[in-house]
Amino acid sequence: MPESSKLKAVLNGKCPRCKEGDMFKFGAYNLRNFDKMYDNCPKCSLRYEPEPGFYYGAMYVNYAFSVALFVILGTVVFYVFDNPDIWVYASTIFGTVILITPLLFRYSRIVYLHVFGRFKYQS
């Protein structure tokens, strides 16, 4: 497949091997089930959890996403409100993080599997 399809697969939450099968069973804002993943790819049967505890490393990816988000939001708030009080920073960042937590969770797992997953595992 073309190189650009890797980015498309990450953005759409698709399998790292075939780039067609979905990784998650439900939508991101189905709040009861946003974290439910398929065990294997529906198309190519790639095992999404190659070893027990594999996704603990995704916490580091989530941390990197969160730090980048805090820096970007802090910078935007600083320039839009011209040196605001601390409660403006805190409420903006806290509100945004609450709203996009399901996306942060999903994309940290997706990126972690695409970057660090070994694609030879198959059930």
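Residues in the stretch 23-59 that are out of contact with any Asp or Glu (no Cβ under 7 Å at 6 or more places or on another chain), of a type in the set (D, E, K, R) and farther than 16 Å from GLY117 by Cα: LYS25, ARG32, ASP35, LYS36.
Give me the residue from the stretch 43-69 that is out of contact with any helix residue (DSSP H, G or I) (no Cβ under 6 Å at 6 or more places or on another chain) and among the hydrophobic types (A, V, I, L, M, F, W, C) and, out of that set, nearest to GLU20 (Cα to Cα). For the stretch 43-69, the residue satisfying everything is CYS44. For first residues located in the stretch 83-109 and touching a residue at least 12 places away in the same chain (Cβ under 8 Å), partners that are among the aromatic types (Phe, Trp, Tyr) and surrounded by 12 or more Cβ atoms within 10 Å (Cβ to Cβ) and lie 6+ apart or on another chain with Cβ distances below 6 Å form the pairs ILE93/PHE70; PRO102/PHE34; LEU104/PHE65; ARG109/TYR55.
All of the numbers you see were taken from the coordinates with simple rules; none came from a lab. Computed from a prediction, not measured in an experiment: that's the story for all the values here. FYI the Cβ positions are ideal-geometry reconstructions off the backbone, even for glycines, and counts take in every protein chain you see.
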